[in-house]
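To keep things clear, I will list the structure first and then write my remarks on it.
Read-outs throughout are calculated quantities, based only on the coordinates presented, and are distinct from any laboratory measurement. Computed from a predicted model, the values in this text were never measured in an experiment. Note: ideal-geometry Cβ built from the backbone for every residue, glycine included; neighbour counts use all protein chains shown.
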Amino acid sequence: MFDNLTDRLSKTLRDVTGRGRLTEENIQEVLRDVRNALLEADVALSVVKDFVDKVKERALGQEILKSLSPAQAFVKIVHDELMAVMGNENKDLDLAVKPPAVILLAGLQGAGKTTTAAKLAKWLMLNKKKKVMLVSADIYRPAAIKQLETLAGEVNAVFFPSNEHQKPLDIAKAAIAEAKTKFIDVVILDTAGRLHIDEDMMQEIKALHQLIQPAETLFVVDSMTGQDAANTAKAFNDVLALSGVILTKADGDARGGAALSVRMLTGKPIKFLGVGETVDGLEPFYPDRMASRILGMGDVLSLVEDVERKLDKEKADRLAKKLKKGKGFDLNDLKDQFQQMRNMGGMSSMLEKLPGMGAGVNAVQSEAGERDLKRMEALIDSMTPAERADPDIINGSRKKRVAQGAGLQIQDVNRLLKQHKQMATMMKKLSQKGGMTKMMRSLGGMMPPGGGMPPFRR
């Protein structure tokens, strides 16, 4: 997310930090570049104008003139105003009501409401320890109810059955009544979407809202539609009391216009980002972290949380015990590490959260990294159990056979074996339990305390 904007802004701000002093003319020139970068990212014009005006007002004031490092002070102003545009702080779900707390999901067809319902259920169960019921009031889309039932089974949530012959109001009433008897903490109600906003749709969801009085009414919108996403959210908010927004398909959006427009146009906070297609692909939205990511400063906190949440602790402990006993790090272990990386969102997801990497790693490089991982896995799969357990026995003839089995070259086998040796050396240093997490935490040293503003260096 924000790849294009990050490239433009980080380059512009690097130029700023390379200057010894700032003049009003310098600042006006930089602000023109910032304005163009935001417009190209499909940020709403009114939001861009307001953002640039506020940065300009602060940059031409005493804040810059009195600073010992004017360029760094300017970068900090841009960072702070980006945070302000997106809401300054994370807004948690407000579920402090008599159970069951009802979460109503609204949005257009194709935004990903049904998948998001399951992702949100899993997030609530893992992070809030809630007992969750999923229920579909979408009686119009073929197989919508069946899809939610399948997803509910995948995330181990309670599913309330419904069918297309029932009325949405009746489904909602019955689901909430049953939730009370089963001591359910949270009911997530998936509603029908349309291809466009229409009066019938609005009246139906308004009636649902009035009946169930949800604790949260979340608008689910496809971030790839740019500022149209923000405009659609605003149209919904005008007739429905939204409490927040979930942006889906955020990993496929290289511009980021929706994330930078939604809150300013609706006044409602972005509460989650949907990433990837798996049911654990939901992240709380933190404006401060996102502002750092946009400016190419990384997001170490989110990366550490990813490691702690998605790392297979049993496999990690098993590997640590194996290394403690003096047994080597073999190719089976290396393949496990590749799979762990994929569980964390793949190479691109990890790299964009590292300081200095967001703008330096483009989509082509990320795809190349993912492709290399798959090739290395194919080579390992092409080996015998003995070769995986003891890579030292892989001689010339074995390399040729392994390469042919994977449809690759001997050079690829050599590259894999070299990377395995490097990884084995590193794993010796991480042989204590929790070593991986400690290593990720050490990356925090690359950023000042409190997520401050490191200089742009390359």
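Can you sort Ser46, Ser261 so the residue with the fewest Cβ neighbours within 10 Å comes first? Let's see the in-between values first.
Details: Ser46 12, Ser261 29.
Ordered from fewest to most neighbouring Cβ atoms within 10 Å, Ser46, Ser261 come out as Ser46, Ser261.
What spacing in nm lies between the two simple spin-label points modelled at Gln419 and Arg32, each 7 Å away from Cα in the Cβ direction?
Result for the modelled spin labels: 4.5 nm.
Taking the Cα-to-Cβ direction at Glu164 and at Ala389 and moving 7 Å from each Cα, how far apart do the two end points lie in nm?
Between Glu164 and Ala389, the simple spin-label model gives 5.6 nm.
In what sequence do Leu151, Leu39 fall when counting other Cβ within 10 Å, fewest first?
Details: Leu151 22, Leu39 14.
The most exposed by this proxy come first: Leu39, Leu151.
Which FRET efficiency, nearest 0.05, do Gln213 and Thr23 yield, Cβ-Cβ r, R0 51 Å?
0.35
Report the relative contact order of the stretch 101-295, percent, no decimals, based on alpha-carbon pairs under 8 angstrom and at least 6 residues apart.
25 percent
Could you line up Asp392, Asp222 from fewest to most neighbouring Cβ atoms inside 10 Å?
Listing Asp392, Asp222 from fewest to most nearby Cβ atoms yields Asp392, Asp222.
Going down the list Lys234/Lys268; Lys129/Lys335; Lys91/Lys128; Lys54/Lys91, which pairs span over 21 Å between their C-alpha atoms?
Lys129/Lys335; Lys54/Lys91
Just to confirm the filter: which GluC sites (Glu not before Pro) across the stretch 164-221 are DSSP coil and have at most 15 other Cβ within 10 angstrom of their Cβ?
Those that pass, being in a loop and sparsely packed, are Glu164.
Label points 7 Å out from Cα along the Cβ direction at Arg375 and Asp92: separation in nm?
It is 4.6 nm.
Please give the FRET efficiency for Lys128 paired with Ala174, using the beta carbon to beta carbon distance and R0 = 22 Å, rounded to the nearest 0.05. Display every interim value, and only then the final one.
Values: r = 25 Å, r/R0 = 1.13.
That pair, Lys128 with Ala174, gives E of 0.35.
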